[in-house]
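Visitor: Next up is a structure, given as structure tokens.
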Amino acid sequence: MLTLHKPLAFFDIETTGVNLATDRIVEISILKLMPNGDKKIKTLRLNPTIPIPIQASQIHGIYDADVKDAPTFEQVASELYEFLKDSDIAGYNSNQFDVPILTEEFLRVNIDFRNEKRKFIDVFRIFQKMERRDLAAAYKFYCNKDLQNAHSAEADVLATYEVLLGQLNLYQDTLAPNVDYLHEFSSDQTFVDSGRRLIREDGIVKFNFGKHKGRPVEDVFKDEPQYYDWIMKSDFMLDTKQKITEIKLSMKFKISR
């Protein structure tokens, strides 16, 4: 069994695309597991306020007409945050996609969702380390079931929860059934921001892209101050900009001391 000391929220989203900085959520489903074993589920379709490309609609089956009268993320942000605020988070490939997208949506309405006290479990990372397959294969392997309605947020989130239970049962000699351990096991500790533009090596934050890849952020800003302005004006995720601004401000504080 999964040991919980606080709620654990499994979630899955469907989106307008895969660009972490610009694409929007069109459906979100959350399965909230309580320490006493109770379960709560919330599924919402959202108006993304931008057109849904036909390629995306053909994957998840949600078209512009389906969400034209749905609430926007801004309209339900407080409701979603209240539902999630006391929870650790779990999902399938969530550290690379779902969490960054959700973080961006919250930041657009000035809510800091990704705080240091929250634990994140990526069921895909566990599966990838142990077996390396996709969700449908994971569901078949761990649960011996065929995944019906794949790319429906609710079907995927329920399957993800069942897969984690299957992993804990199969690897009970390896995996500890508690959130702290699973957070550590499934996370990518070196990344500073959800967009993976910044990495931490030996305690130093470095760029993970472009011409300054591998260089400490502070060194780049000292040598090329305008690089900060370029990042802030460019199409980077809000979370990345926020982390870079924190580094910039810490540099000013060091100088003023």
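The values are calculated or read from the model by the stated rules, or taken from the named source; none is laboratory data. As the structure is a computational prediction, the values presented were derived from the model and not from experiment. Every residue, glycine among them, receives a Cβ derived from its backbone with ideal geometry; neighbour counts consider all protein chains shown.
Visitor: Considering only residues that are surrounded by 20 or more Cβ atoms within 10 Å (Cβ to Cβ) and not charged (D, E, K, R), which ones fall in segment 17-32?
Guide: If the condition is that a residue be surrounded by 20 or more Cβ atoms within 10 Å (Cβ to Cβ) and not charged (D, E, K, R), then LEU20, ILE25, VAL26, ILE28, SER29, ILE30, LEU31 are the ones that fit.
Visitor: OK, next. Restricting attention to segment 116-170, and to residues there that are acidic (Asp, Glu) and within 25 Å of TYR63 (Cβ to Cβ), which single residue is nearest to the chain's Cα centre (by Cα)?
Guide: Within segment 116-170, the match that is nearest to the chain's Cα centre (by Cα) is ASP156.
Visitor: List every residue pair whose Cβ atoms sit under 6 Å apart, with the two residues 6 or more apart in sequence or on different chains, where the first one lies in segment 128-157 and is closer than 30 Å to ASP66 by Cβ and in contact (Cβ under 8 Å) with a residue 24 or more places away in the chain and the second, anywhere, is among the hydrophobic types (A, V, I, L, M, F, W, C) and assigned to a loop (DSSP other than H, G, I, E, B).
Guide: TYR139/LEU147
Visitor: Taking segment 51-77, which residues are under 16 Å from ILE101 (Cα atoms) and either in a loop (DSSP other than H, G, I, E, B) or touching a Ser or Thr at 6+ places or on another chain (Cβ under 9 Å) (or both)? So that I can check it myself, show each step before the final result.
Guide: Of the residues in segment 51-77, the ones under 16 Å from ILE101 (Cα atoms) are 52, 56, 72-74, 76-77.
Across segment 51-77, the qualifying residues are ILE52, ALA56, THR72, PHE73, GLU74.
Visitor: Could you list, ordered by first residue, the pairs with Cβ atoms under 9 Å in which the first is in segment 93-109 and under 11 Å from GLY195 (Cβ atoms) and the second is outside any helix (DSSP H, G or I) and among the aromatic types (Phe, Trp, Tyr), at least 6 apart or interchain?
Guide: From residues that are under 11 Å from GLY195 (Cβ atoms), the pairs are VAL99/PHE11; VAL99/PHE113; VAL99/PHE120; THR103/PHE113.
Visitor: Oh, and also: Restricting the search to segment 228-249, which residues are over 24 Å from the mean Cα position of the chain (by Cα) and either surrounded by 12 or more Cβ atoms within 10 Å (Cβ to Cβ) or in contact (Cβ under 8 Å) with a residue 24 or more places away in the chain (or both)?
Guide: TYR228, LYS248 - these are the residues of segment 228-249 that are over 24 Å from the mean Cα position of the chain (by Cα) and either surrounded by 12 or more Cβ atoms within 10 Å (Cβ to Cβ) or in contact (Cβ under 8 Å) with a residue 24 or more places away in the chain (or both).
Visitor: On to the next question. Could you pull out the residue among TYR63, TYR81, TYR92 that is more than 23 Å from ASP112 (Cα to Cα), surrounded by 13 or more Cβ atoms within 10 Å (Cβ to Cβ), modelled with pLDDT of 95 or more and not acidic (Asp, Glu)? Give the derivation first.
Guide: Details: TYR81 fails: more than 23 Å from ASP112 (Cα to Cα); TYR92 fails: more than 23 Å from ASP112 (Cα to Cα).
Unique residue meeting the criteria: TYR63.
Visitor: Tell me the residue from PRO177, PRO225 that is surrounded by fewer than 19 Cβ atoms within 10 Å (Cβ to Cβ), touching a strand residue (DSSP E or B) at 6+ places or on another chain (Cβ under 9 Å) and over 20 Å from THR103 (Cα atoms), please.
Guide: PRO177
Visitor: Got at least one residue in segment 58-77 being in contact with a helix residue (DSSP H, G or I) (Cβ under 7 Å, 6 or more places away or on another chain), under 30 Å from ALA176 (Cβ atoms) and free of Cβ contacts under 8 Å to residues at least 24 places away in the same chain?
Guide: As a first pass, look at segment 58-77 and keep what is in contact with a helix residue (DSSP H, G or I) (Cβ under 7 Å, 6 or more places away or on another chain): 63, 73, 77.
Next, only the ones that are under 30 Å from ALA176 (Cβ atoms) stay: none.
Within segment 58-77, none of the residues are in contact with a helix residue (DSSP H, G or I) (Cβ under 7 Å, 6 or more places away or on another chain), under 30 Å from ALA176 (Cβ atoms) and free of Cβ contacts under 8 Å to residues at least 24 places away in the same chain.
Visitor: Pick from segment 122-145 the residues that are in a loop (DSSP other than H, G, I, E, B) and either of a type in the set (D, E, K, R) or in contact with a strand residue (DSSP E or B) (Cβ under 8 Å, 6 or more places away or on another chain) (or both): which of them is surrounded by the fewest Cβ atoms within 10 Å (Cβ to Cβ)?
Guide: ARG132
Visitor: Please tell me if GLU105 is in the same structural domain as TYR171 (by TED's automatic domain parsing), surrounded by fewer than 20 Cβ atoms within 10 Å (Cβ to Cβ) and either at pLDDT 95 or above or part of a strand (DSSP E or B) (or both).
Guide: Details: in the same structural domain as TYR171 (by TED's automatic domain parsing): yes; surrounded by fewer than 20 Cβ atoms within 10 Å (Cβ to Cβ): no; either at pLDDT 95 or above or part of a strand (DSSP E or B) (or both): yes.
Considered against the rule, which asks whether it is in the same structural domain as TYR171 (by TED's automatic domain parsing), surrounded by fewer than 20 Cβ atoms within 10 Å (Cβ to Cβ) and either at pLDDT 95 or above or part of a strand (DSSP E or B) (or both), GLU105 comes out as no.
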